[in-house]
Amino acid sequence: MTLHAFIDGASRGNPGESGIGLIVKDAEGRRIISVEAYIGRTTNNIAEYTALLALLRRMRKNPPKAGTRLVVHSDSELMVRQLNREYKVKDQHLKTFHQKVLKVLDDIPFEFELKHIPRELNAEADRLANNGIDSKKRIKI
């Protein structure tokens, strides 16, 4: 079975008030997970990485059935290319998040793929990330 996740991090200002949004859909396109959260003041790139970390940690805590494949869709070209080893991570703060993601990926019991998508195909996750900023609702990541 393949699950599709859509993630986004938003920052109003860079750095600025930030939030994350993530959605996981089953093979039939039904939403099975939906998260919006406020993450405080940070940069857009850190918000993008935080959204991915939140997704992976949640999936690791409640793993899908054996043999499941998780395809994660993000409109952050920088993050996707860094994690797919097409770009180097030069920023020291981003390196920390990059390493955290790689460490979690080493531990997951399912197949993982990260794809870049255009922003307009990520509107649901973007709306959730902005709702997270508006609500100021924090979650444990």
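Just so you know, all these numbers are worked out from the coordinates, no wet-lab data involved. What you see is a predicted model, and the numbers here were worked out from it, not measured in a lab. Neighbour counts run over all protein chains shown; Cβ positions are idealised from the backbone, glycine included.
Separation of region 1-51 and region 75-133 by C-alpha centroid, Å?
10 Å
Just to be sure I understand, if you calculate Cα Rg over 2.2 N^0.38 Å for this structure, which of (i) 1.12; (ii) 0.97; (iii) 1.02 do you get?
Matching the structure shown: (ii).
So which of Lys95/Lys137; Lys25/Lys65; Lys115/Lys140; Lys88/Lys115; Lys61/Lys115; Lys100/Lys137 end up more than 19 Å apart, counting from Cα to Cα? Please report the intermediate quantities before stating the final value.
Numbers: Lys95/Lys137 27 Å; Lys25/Lys65 14 Å; Lys115/Lys140 25 Å; Lys88/Lys115 17 Å; Lys61/Lys115 23 Å; Lys100/Lys137 23 Å.
Checking Cα-Cα distances, Lys95/Lys137; Lys115/Lys140; Lys61/Lys115; Lys100/Lys137 exceed 19 Å.
Give me the distance in nm between label points sitting 7 Å out from Cα along the Cα-to-Cβ direction at Lys90 and Asn131, one decimal.
3.7 nm
I need to check one value: relative contact order of the chain, counting alpha carbon pairs closer than 8 Å and at least 6 residues apart, in percent.
This gives 36 percent for the chain.
Starting with the highest mean, order 73-86, 28-41 by the number of other Cβ atoms within 10 Å, averaged over the residues of each peptide. Don't skip to the answer; put the middle values down first.
Numbers: 73-86: 18.6, 28-41: 14.6.
My ranking of the peptides, most packed first, is 73-86, 28-41.
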